[in-house]
Amino acid sequence: MQASEAVNRESSDKKESHPTHSIIYDKRVAVVGCPIITCTEEFERYLKHKARKLVVVKRPLHVKANRGTTHGSCEVYKYSRKIREFKLPSVRVHSRLRRLAVPIAFGFHTFSALITFVFMREKYETFVGLDYVSTLIGIILKKMRKVTLVVYYSIDYFAAPCDLSFNWVSSKVFQLIDRLCISNSDVVWNASRAMIKMRRASGVVSSRGPPQIVVPFGVPLCSMGHSQRKILVYVGNVREDQGLDLVIRALPAIVKRIPEFQFRIIGSGRYIHHLKKLVRSSSMNDHVQFLGFIADKKRVDELISSATIGVALYHPESLIGRFADPSRAKRYIGCGVPVIMDRVTEFASEVERKGAGIIIDYDQRELEKTVLELLMNEEVLRTLKANVCHLASELSWERVLDDAFRKTFILTSAKDEIPL
């Protein structure tokens with residue numbers, strides 16, 4: 001039996017002999033990720049009370065945003081107390097030059113983070129890379145014998161589109177780096193089972209490779225505010241495959257029944273210009289709030305928790321949605337907000353099973369009908385919200401990471417360690 005296939009049974013047998021705290025406590029741990037697009041802060045919050053020494057490097061967002069910061073930072077904890085914090089050198093990329101300059105920014109920020117670890121002159125038992133670029137840093141440090149164990153947390157898998165385009169080239173580059181990270185890491189954490197299946201089908205994963213385990217995104221719990229009825233919220237990158245045009249086209253029929261209805265969009269992206277034109281053409285300007293990108297996570301959570309329903313749709317042909325674990329939907333749930341989803345992602349079946357939302361087809365009429373039924377039925381909403389609270393506690397980051405680190409150290413316990 002493969003080690004990764006046996007880990008679920010073995011982890012339950014060894015739970016008492018390998019509690020998470022004895023694994024993490026008194027260890028030197030390094031975590032690298034980009035806070036805007038990964039779960040860096042959740043790892044920081046989880047590990048700073050458990051590791052002897054924790055170094056968290058937050059890579060900057062490469063594209064210059066209208067609001068928020070683009071610089072990177074390094075935070076050092078010793079026995080849960082922050083002892084050092086400093087900014088990392090960074091470069092900003094204007095959105096108009098993104099395709100040309102982002103590879104340069106990636107290289108610069110990766111080099112900047114790597115040099116930070118080199119100058120700190122520490123060795124680490126465990127390194128966790130929260131994406132493929134961050135994991136490359138850990139692999140280089142391991143080659144330099146500064147890291148014992150490298151964990152690659154793969155949060156996305158970008159399958160190449162059929163047409164020969166810039167997206168095709170960037171997807172091929174990602175797959176090349178992804179293969180490099182997998183072959184040189186000790187354990188691979190996948191955000192969904194679909195990622196493992198795709199890699200096996202493409203020959204990236206083999207029996208000789210590192211163990212692969214599923215580590216879904218946890219639910220980031222926030223203080224649940226008072227819901228203002230009649231608000232539908234979306235948070236995230238504004239792309240054409242997110243079903244936002246379906247919502248806007250459904251607005252006239254919804255507003256006809258519920259005049260005070262509001263659609264709140266938190267995020268930015270090139271597709272937002274198309275959506276604004278769509279709103280103007282349908283005379284729905286008073287019913288759509290374009291709030292743009294908001295860097296303050298606490299403020300975003302407040303805006304989500306004050307809404308009634310969250311929307312997390314993916315087009316059926318979306319290559320990203322097919323492999324991703326929808327952190328957007330989990331963020332709604334963490335804020336106590338029921339979610340409307342389609343069946344593209346694996347998480348939809350769990351939402352449906354737990355009664356924490358409504359699963360629909362990617363269809364304007366069905367979306368319109370569902371929104372109206374939820375907003376006009378207080379009893380159904382109360383039931384969904386109660387189920388959302390139960391699911392949020394089951395999928396907390398604390399539980400997810402307890403399980404992930406326990407399985408990881410069981411799988412790697414037989415490996416010889418580099419003396420530190």
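Read the figures in this text as sums done on the coordinates, not as results from a lab. As the structure is a prediction and not an experimental result, all values here were calculated from the model. Glycine also receives a Cβ, built like all others from the backbone with ideal geometry; neighbour counts cover every protein chain displayed.
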(message) Students often get this wrong, so check it: of LYS297/LYS369; LYS50/LYS297; LYS230/LYS297; LYS48/LYS407; LYS78/LYS330, which have C-alpha atoms separated by over 29 Å?
(response) LYS297/LYS369; LYS78/LYS330
(request) Give me the net charge of LEU367's neighbourhood, meaning all other residues with Cβ under 12 Å from the Cβ of LEU367; Lys, Arg count +1, Asp, Glu -1. (result) -4
(message) Report the per residue volume, in Å³, of the convex hull enclosing the C-alpha atoms of the stretch 231-394.
(response) 104
(message) For VAL128, what residues show an amide H to amide H distance below 5 Å, using hydrogens built from the backbone and excluding near sequence neighbours?
(response) ALA30, VAL31, VAL32, VAL151
